[in-house]
1. Could you order peptides 263-269, 187-193 by the average number of other Cβ atoms within 10 Å of their residues, highest first?
2. I need the calculated FRET efficiency for the pair Asp152 and Glu397, taking r as the beta carbon distance and R₀ as 60 Å, to the nearest 0.05.
3. So, in nm, how far is label Ala184 from label Leu32 when the simple model puts each one 7 Å beyond its Cα toward the Cβ?
4. Taking θ as phi - 60°, what are the ³J(HN,Hα) couplings along the stretch 296-301 by the Karplus curve (6.51, -1.76, 1.60), each to the nearest whole Hz, with x for Gly and Pro?
5. Which of rounded, prolate or oblate describes the stretch 95-213 when judged by the alpha-carbon gyration tensor and an a/c cut-off of 1.5?
6. Grab the Cα-Cα distance for Arg103 and Asp84, subtract it from 0.36 nm times how many residues apart they are, and report the gain in nm with one decimal.
7. Across all directions of projection, what mean area in square nanometres is found for the Cα convex hull of the stretch 10-106?
8. Classify the stretch 280-408 from the C-alpha gyration tensor, please: rounded if a/c falls under 1.5, else prolate or oblate depending on whether a/b exceeds b/c.
Amino acid sequence: MEFGLLGERLGHSYSPRIHQELGGYDYRLIELRPDQLPAFLKKKDFRGLNVTIPYKQAVIPFLDELTERAGRIGAVNTILRRADGTLLGDNTDYAGFMTMLDRAGLRPEGRKCLVLGSGGASHTAVACLRDRGAREIRVISRRGEDHYGNLDRHRDAELIVNTTPVGMYPGNGVSPVNLADFPALRGVADLIYNPLRTALLLQAEESGIPAAGGLGMLVAQARAAAEVFLGKQIPPAAEERILGTLEKEARNWVLIGMPGCGKTTVGRLLSARTGRKLVDTDELIEREAGGRRCGDLIRGLGEEAFRALEARACAEAGKASGTIIATGGGAVTRPENRQSLRQNGILIHLDRPPEALATAGDRPLSRTREDLDRLYRDRAPLYAAWRDLRVESGSPEEAAEKIQEALE
């Protein structure tokens, strides 16, 4: 084996693809239990490794030497087997985190910083913040002097860094802290990269606070690790190209708009044109309800109960990556759906005037032209507030072409 990523539970990882594009070498995922770690490292059957949770500190006793940076941080995420067979431990997360700060314009200098979590990634964040001149750094963990039960002591925090897995797929939608508790906050960094926007980042965005997610850090540290593996420099342009491609591919295309505007039809066209999977939230609702149609559910359960089913469908659909999502016309009536759909998605408003909307089919809330006009007046401001992109067209084919052209 040439190179690989060492961890306990890896699941889906971007790392093999990133390293293939960076260096063109064989790169594998290596899942080991803690009791398997010593034998694997002593065998040295690799040229180089990246290391992730929970082994960034556990590997250190098996290494022959640490770089100054890795020794100072006390965590290793990159291992190189040298020509003489000895193992050198390095920390390229440091370069990745620094790039993350710079790309988002987050400035620790002279500021009080909170680092959520106390594992290996936390050690790296602390070292970077210290080197960038942070005025004060507090590590928040479940135990110890500073913990989640006494966060009120740190209301003056100006930068928060999340190094915990809270909010990471599949546990989307939760946040380790409420940013409203930190009135002096000037920046947020979250090392999680799936979803692209965690609940923590979405709250920062809605509050107008500069924020950065973890995908950029992942690619930047991979470039630094590849340079260690190959012993040569890799142009920064390669990193930017890979990051842009991954972000584009991971982004969901979420269709919102009035009943009868053609979301499902446009979604099918886009799916056929791009190869992206189409997810229809109405179909998810009907599947959960044992096959009962959405119209029957609204009539039988009432609209509020139906909206609760719809919120669960949006939460499920929003966790995916790289899909096309067709939503129900009323999805915008529940604010939590916006959070679910934006975590990985760009929201595309299919905007058609009321007189052009279809009324055929089982639509209990828009059975007549008067119903449609009323719904349009009520929901138009919501669509305008939610959307990232507005598309107006006279046909589904035209709408699909405009969307594909704008996003690709």
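Bear in mind these aren't lab numbers, they're just calculated from the coordinates by the rules spelled out. Please read all numbers here as calculations on a predicted model, not as lab measurements. Glycine also receives a Cβ, built like all others from the backbone with ideal geometry; neighbour counts cover every protein chain displayed.
1. On the way: 263-269: 22.6, 187-193: 25.4.
Result, highest mean Cβ count within 10 Å first: 187-193, 263-269.
2. 0.60
3. Computed distance between label sites Ala184 and Leu32 equals 4.4 nm.
4. Here the 3J(HN,Hα) series is 5, 5, 5, 5, x, 9 Hz.
5. On the way: a/c = 1.21, a/b = 1.08, b/c = 1.12.
Cα axes put the stretch 95-213 in the rounded bin.
6. Value of the extension gain: 3.0 nm.
7. 7.3
8. Oblate, because a/c is 1.5 or more while a/b does not exceed b/c.
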